[in-house]
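First comes the structure, then the notes that go with it.
The values are calculated or read from the model by the stated rules, or taken from the named source; none is laboratory data. Here the structure is a predicted model, which is why all the values come from computation and not from measurement. Positions of Cβ are generated from backbone atoms using ideal geometry, with glycine treated the same way; all protein chains shown enter the neighbour counts.
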Amino acid sequence: MATATRTQYQEELQRLEASALDGLNLVNSALERTLEAIQHQDVELAQIVVADDDRIDGRYLEVHQSLITLLATQSPVATDLRLISALLHVLKCVERMGDQCVNICKVIPLTGNEPPADERMVQLILGMGKQTRALIGQAKRAFCERDVELARDLVRQDDVVDDLNRDGFRLALEIGDDADKREWAMTMLLAARAIERIADNAVDIGEQVAFVVTGLFREFEDASHPSG
Amino acid sequence: MDARDSIESPAMTETNPDPQTSPQAGATAGPAISVATKSPAAGLRGRRDVGTVELQGLHAYYGSNHAVRGVDLGFAADQVTAIIGPSGCGKSTMVRCINRMHEEIDGARAEGHVLLDGLDLYDSRIDIVAVRRAVGMVFQKPNPFPTMSVFDNVVSGLRLSGASRSEMDDRGREALIGAGLWDEVKDRLKGPGVGLSGGQQQRLCIARALAVEPEVLLMDEPCSALDPVATLKIEELIGELKQRVTIVIVTHNMQQAARVADTTVFMLDGELVEVGPTDKLFTTPDDERTEQYVTGKFG
């Protein structure tokens, strides 16, 4: 067989994959601080999360541009093409996950410095967040290791988040007639919904793992046609 | 006239006088066999129902060098098939076996069968001139006849077959239109063919090949000597011509293969590694060697 070629291109592609996936670390860090802000009603920390989202957006733009350049200059095909296509998708997920953290952090100040917090609801949201952070880490590992089974397992892990989200609705309904409490509960439901979407994005990344490995794109679960 | 009517050629009535010296295996004695072609009425218009090529156990040698090693492969009519692979993999040799050009090289020989619509082109009773009329070829560098005008270049093959003046005029014009060159040269038909640009010369060569209405057109790196604009014109032309003639293109340019071919064949070390729809071969190849080659990990 002839000699190896295109080493610079391969190195650049590897670098961009690492950089895109490192975006998931940024998201995980943003989510961790978001949860801390919820737990302690820390408005300042929430503002830091909002400001820091520029780092995630910057990562998105930088890697996205470099991937477009690779497409334009290197004409990638086969696994390389699938990888670049998947990374573009991963980047979009990373950017949206960051935006969801921002969405949560923007509503935290609305409930005031000492909101009428319900401890069960707070713990439920922290539980959702912890589970979602685990999903983000698992999605990254599945991508790095091209592990389709690990990627598919994200669906099972996501079901836990979905169940907690539904429990949150029940808690909100049980929270009583107090207007402030109800307003706070509504805010927490928005936060729960945002976290649930972050977990969905982690599953989306898992689907991209399967695409890179198999060349076939299929949703692990069809939300519009649930299997039951 | 039926599309399967044969070319009337005195040469086709000749049988190989000495089967032992024949370059091909499996030669059989018997009456002359005609090579099917399209009728003039079918012309360069409409879809065809002929032009399938099938290689069966094809081997090709340059002396002791075994360049093509037992290839079994079909080329569907109305399709463009691209052959890709690193230098020396046997792709050009394999293609040159289809119109029996390979055996013209000293010490070169081929074994196996090449079937055109079921007819074995390596049968000893086949007339090679008729084979090359049915299977045209376009080369890497445009090679118009240097002393001939644009129009005479186009109809040179027809003239050899004894076509009438009016037939040459009609089919020459039709071939130039088919090659996308008519509008550019209609006012300089008497000018020298070599006076055209490189891209025009290559399309002139395509017109020359089309004028004799072949079933199959072999293109051996037809754009490697052309600039990007001329290359794109040839590629567009290939897309138009595939409805009229089966096209087999050898290319080093994988993006070109991806752009023009319906089916792509990857060869390595004289062997066929993978054949498949072009989009599949360039997105999810089955063979690891194909993956390595198309992604540029070796070459």
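Please indicate, with yes or no, whether at least one residue in the range A:179-198 is within 13 Å of the chain's Cα centre (by Cα) and among the polar types (S, T, N, Q).
no
Could you list, in sequence order, the residues of the range A:119-150 that are part of a helix (DSSP H, G or I) and either free of Cβ contacts under 8 Å to residues at least 60 places away in the same chain or basic (Lys, Arg) (or both)? Walk me through how you get there before you give the answer.
Looking only at the range A:119-150, we keep the residues that are part of a helix (DSSP H, G or I), and these are A:119-145, A:148-150.
A:GLU119, A:ARG120, A:GLN123, A:GLY127, A:LYS130, A:ARG133, A:ALA134, A:LYS140, A:ARG141, A:GLU145, A:GLU149, A:LEU150 - these are the residues of the range A:119-150 that are part of a helix (DSSP H, G or I) and either free of Cβ contacts under 8 Å to residues at least 60 places away in the same chain or basic (Lys, Arg) (or both).
Suppose we filter the range A:125-145 for residues that are under 21 Å from A:GLU17 (Cβ atoms) and surrounded by 15 or more Cβ atoms within 10 Å (Cβ to Cβ); how many remain?
8
If the requirement is being away from chain A (no Cβ under 14 Å), more than 19 Å from B:THR93 (Cβ to Cβ) and either hydroxyl-bearing (Ser, Thr, Tyr) or surrounded by fewer than 23 Cβ atoms within 10 Å (Cβ to Cβ) (or both), which of these qualifies: B:GLU236, B:GLU221?
Of the residues listed, the single one that is away from chain A (no Cβ under 14 Å), more than 19 Å from B:THR93 (Cβ to Cβ) and either hydroxyl-bearing (Ser, Thr, Tyr) or surrounded by fewer than 23 Cβ atoms within 10 Å (Cβ to Cβ) (or both) is B:GLU236.
Mind telling me which of the residues A:LEU135, A:LEU83 ends up being under 21 Å from the mean Cα position of the chain (by Cα), closer than 27 Å to A:GLN157 by Cβ and within 14 Å of chain B (Cβ to nearest Cβ)?
Sole residue among the options that is under 21 Å from the mean Cα position of the chain (by Cα), closer than 27 Å to A:GLN157 by Cβ and within 14 Å of chain B (Cβ to nearest Cβ): A:LEU83.
Only one of these is away from every other protein chain (no Cβ under 12 Å), buried (at least 21 other Cβ atoms within 10 Å of the Cβ) and under 25 Å from A:ILE195 (Cα atoms): A:LEU31, A:LEU45, A:LEU21. Name it.
Unique residue meeting the criteria: A:LEU31.
Among the residues that make up the range A:159-177, is at least one of them within 15 Å of the chain's Cα centre (by Cα) and closer than 30 Å to A:VAL77 by Cβ?
no
With the structure loaded, tell me whether B:LEU210 is modelled with pLDDT of 95 or more and not in a loop (DSSP other than H, G, I, E, B) or whether it fails that test.
no
Which of the residues spanning the range B:141-160 are crowded, with 16+ Cβ neighbours inside 10 Å and either outside any helix (DSSP H, G or I) or in contact with a strand residue (DSSP E or B) (Cβ under 7 Å, 6 or more places away or on another chain) (or both)?
Residues satisfying the conditions are B:PRO142, B:ASN143, B:PRO144, B:MET148, B:SER149.
With the requirement that a residue be of a type in the set (Val, Ile, Thr) and surrounded by fewer than 18 Cβ atoms within 10 Å (Cβ to Cβ), what does the range A:151-174 give you?
Here is the first cut: in the range A:151-174, the ones of a type in the set (Val, Ile, Thr) are A:155, A:160-161.
Of everything in the range A:151-174, those that are of a type in the set (Val, Ile, Thr) and surrounded by fewer than 18 Cβ atoms within 10 Å (Cβ to Cβ) turn out to be A:VAL155, A:VAL160.
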